[in-house]
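**Q** Handing you a structure now.
Nothing in this text is a laboratory measurement; each read-out follows from the coordinates by a stated rule. Given the structure is predicted, the values throughout are model-derived calculations rather than measurements. We place every Cβ from the backbone using ideal geometry, glycine too, and count neighbours over all the protein chains shown.
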Amino acid sequence: MPDGRTCCDILLSLSVCLCFTCTGSSFDEESGKDYRRRRHSAEHHLFTPSTTQETSANHGKTHTGEQLYSCSDCGKRFSSQANFCHHMYIHTAKYMCTECGKCCQSSSYLAVHMRSHSGEKPFECTLCSKRFTRSDVLAVHSRIHSGDKQYKCHMCDKAFSVSGHLNRHMRVHTGDKPYKCYTCDKAFSSSGHLNKHMRVHTLDKPYKCHVCDKTFRVSGDLNRHMRIHTGDKPYKCLLCNKSFNWSHHLQRHTRLVH
């Protein structure tokens, strides 16, 4: 603004309140409270600030990256109330995969997840023909070809193609492990690592080989196992061109033979 004020400052001066949930309408403070009571029920886990100033302060923190909302079930934190409310569906089992029991935050997320079981990959890279289950993953993959890594770590100058990877990387520097196992108190820096760890306690093995029916806890183990059936040997020795199914076999070969 020409006078140095932000949009939030102007809204405060007018005693205007934006709905914290749908952010589509503005009200004076009292009307805003009444609107939220009628429009948004308690089941959405709302935490509506009591004053316009508090609303503005919380909104400002979404720009700083401060995470205001913490999930009491898994410890994951969010800077946006909308993202927090969406996340809570993961714990309600409303959108549960019938194949592996994974809970998703919406029906559309569940539909995308089901492709991990069906093998459907409708999105293809025009440069290398690699296929993906989601369009956004294809968009991120395309940065490999363009070399675009716009998200840089200010502590070690490492760069990433997506902001989420930078956020996870920052935990290397901070040591933050917000995802805690409630069975053994072990903590992890990412929710994915916690989910994999939980299968140690549940003995769940959702990834099944369609050739021999052997089951695995993580998809990577299934992918490695499939090389037994396909004969794929992606790890080649640079000294003698001998190929191996697994990287540790190549390492052992290099150590003993060369």
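**Q** Kindly write out, for segment 89-100 in residue order, the coupling ³J(HN,Hα) from the Karplus curve 6.51 cos²θ - 1.76 cosθ + 1.60 (θ = phi - 60°), rounded to whole Hz, with x marking Gly and Pro.
**A** Rounded to whole hertz, the list is 5, 4, 8, 8, 6, 5, 10, 9, 6, 6, 7, 10.
**Q** Around residue 76, which amide H atoms from residues at least 5 apart in sequence, or from another chain, sit under 5 Å from its own amide H, with H modelled in the peptide plane?
**A** So residue 76 has HN proximity to 71.
**Q** Which part of segment 132-154 falls in the paramagnetic zone of residue 172, meaning amide N under 16 Å from the point 7 Å along Cα-to-beta-carbon?
**A** Label zone hits: 149-154.
**Q** A further question on this structure: How much length is gained if the chain between residue 214 and residue 182 is pulled fully straight, taking 0.36 nm per residue apart and subtracting their Cα-Cα distance, in nm to one decimal?
**A** So the extension gain works out to 8.6 nm.
**Q** I need the calculated FRET efficiency for the pair residue 151 and residue 232, taking r as the beta carbon distance and R₀ as 30 Å, to the nearest 0.05.
**A** 0.35
**Q** Let me ask another. Taking 0.36 nm per residue of separation and subtracting the Cα-Cα distance, what length does fully extending residue 249 through residue 142 add?
**A** 35.4 nm
**Q** Whole Å is fine, so just give me how far the alpha carbon centre of segment 215-255 lies from that of segment 124-185.
**A** 25 Å
**Q** Related question: Can you give the alpha-carbon Rg of segment 122-256 over 2.2 N^0.38 Å, where N counts its residues?
**A** 1.33
**Q** Rounded to whole Hz and in sequence order, give me ³J(HN,Hα) for segment 69-75 from the Karplus expression 6.51 cos²θ - 1.76 cosθ + 1.60, θ = phi - 60°, writing x for Gly and Pro.
**A** Going residue by residue, I get 10, 10, 7, 6, 7, 10, x Hz, with x marking Gly and Pro.
**Q** Taking H placed 1.01 Å from N in the peptide plane, check which residues at least 5 places from residue 151 or on another chain put their amide H under 5 Å from its amide H.
**A** HN-HN under 5 Å from residue 151: 160.
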